[in-house]
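What follows is one structure encoded as structure tokens, with my remarks underneath.
Every number in this text was worked out from the coordinates using simple rules, so none of it is lab data. Note that the structure is a prediction, hence the values are computed from the model and not measured. So basically every Cβ, Gly included, is an ideal-geometry build from the backbone, and we count neighbours across all protein chains shown.
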Amino acid sequence: MATLTKLILLVLLTFSLSAIGHAAPLICKGQHLAPVATMICSDAKLSDYEERLNILFHKTLSVSIPHEQRQVLDEQRLWQSGVRDKCDSWLCLHGAYQTRINALSQTYRDRWIPKISGDVLNELSHRSATPVEELKALLSNCSHSQMNINYCSFRTFVEADLAMRSVLARKLEALPFACQGELKTSQAQWEKDRDLKCNKKADDEAESGIVRPMILNTCQAETTEQHIAQLKSIKSCDNIPNSMQ
């Protein structure tokens with residue numbers, strides 16, 4: 001009986017993940033969009049919020065245990081139907097997304113901090129020239145100061161960057177030798193474009209020098225996470241784009 005119950009819960013969880021996980025692309029599909037979907041899909045800022053929230057939602061699920069996943073799923077569905085879908089203006093949606101992203105970010109940080117791997121710690125220490133023990137203290141309380149926030153955002157980027165490099169290595173092994181150089185060249189150009197784009201974003205948005213690292217790290221992490229999916233979609237030499245955006 002216990003096994004059957006677990007199986008039923010797993011099926012329900014899988015269905016819910018599928019429904020919510022595809023919310024971002026599906027919300028803009030169809031001939032007759034709901035008023036809320038129309039506002040989101042026609043506005044670059046709101047569309048960006050929807051995509052960021054979708055990524056954050058899946059990241060939070062990935063660091064949650066089963067009963068916590070159910071809680072996140074329920075909260076997300078309630079927010080979608082009870083808050084987002086009831087908005088009738090851009091200002092309402094803007095505030096709704098900001099509030100939800102901030103709340104889910106806190107949940108993610110609370111569950112993510114204890115799960116940092118030794119590989120990420122060592123790489124973070126190497127890139128930041130900060131001792132591991134000092135890093136652990138800084139990462140243990142992301143909201144303590146702007147310095148803590150900066151280090152936590154850098155951790156997010158380092159995790160994404162290491163994951164991307166792992167995917168890239170596996171993809172290079174799977175492709176014929178003849179086109180491995182093409183993928184390496186495309187990847188190098190993508191990394192250059194990413195860093196230029198994110199540095200410009202940090203320069204444009206940073207109100208003070210101390211918050212610039214957070215803006216830069218967040219941009220690099222989000223862009224890298226999106227790029228991982230693009231790398232995974234490459235199945236043959238013919239799939240390698242000249243420039244991966």
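Details
- Lys/Arg +1, Asp/Glu -1 at C-beta; the chain dipole; positive extreme among Gln226, Asn102, Ser64: Ser64
- Segment Phe177-Ser208, extension gain: residue separation times 0.36 nm, minus the distance between their alpha carbons: 6.5 nm
- The chain, helix-only ellipticity at 222 nm - DSSP H runs n ≥ 4, -39,500 (n - 2.57), divided by all residues, nearest 500: -26000 deg cm²/dmol
- Only Cα pairs under 8 Å and 6+ residues apart enter the sum, and on that basis the relative contact order of the chain stands at 16 percent.
- Once the gyration tensor of the Cα atoms in the chain is diagonalised, the equivalent ellipsoid follows with semi-axes of 29, 25, 23 Å, ordered largest first.
- Taking all pairs of distinct alpha-carbon atoms in the range 106-166, Kirkwood radius in angstrom: 11.6
- Charge dipole (debye, nearest 20) of the range 116-239; +1 at Cβ of Lys and Arg, -1 at Cβ of Asp and Glu: 260
- Tail fraction, Cα-Cα pairs, the range 59-101, threshold 13 Å, whole percent: 57
- Convex hull per residue volume in Å³, alpha carbons only, for the range 116-239: 109
- Mean Cβ neighbour count within 10 Å, used as a protection proxy, ranking 221-227, 132-138 highest first: 221-227, 132-138
- Here is the P(r) of the range 53-173: all C-alpha pair distances, binned every 5 Å from 0, give 2, 10, 17, 18, 16, 15, 11, 7, 3, 1, 0 in whole percents.
- With all pairs of different C-alpha atoms in the average, the Kirkwood value for the hydrodynamic radius of the range 183-229 is 11.1 Å.
- Cα centre as origin, Lys/Arg/Asp/Glu Cβ charges: the chain dipole, Debye: 460
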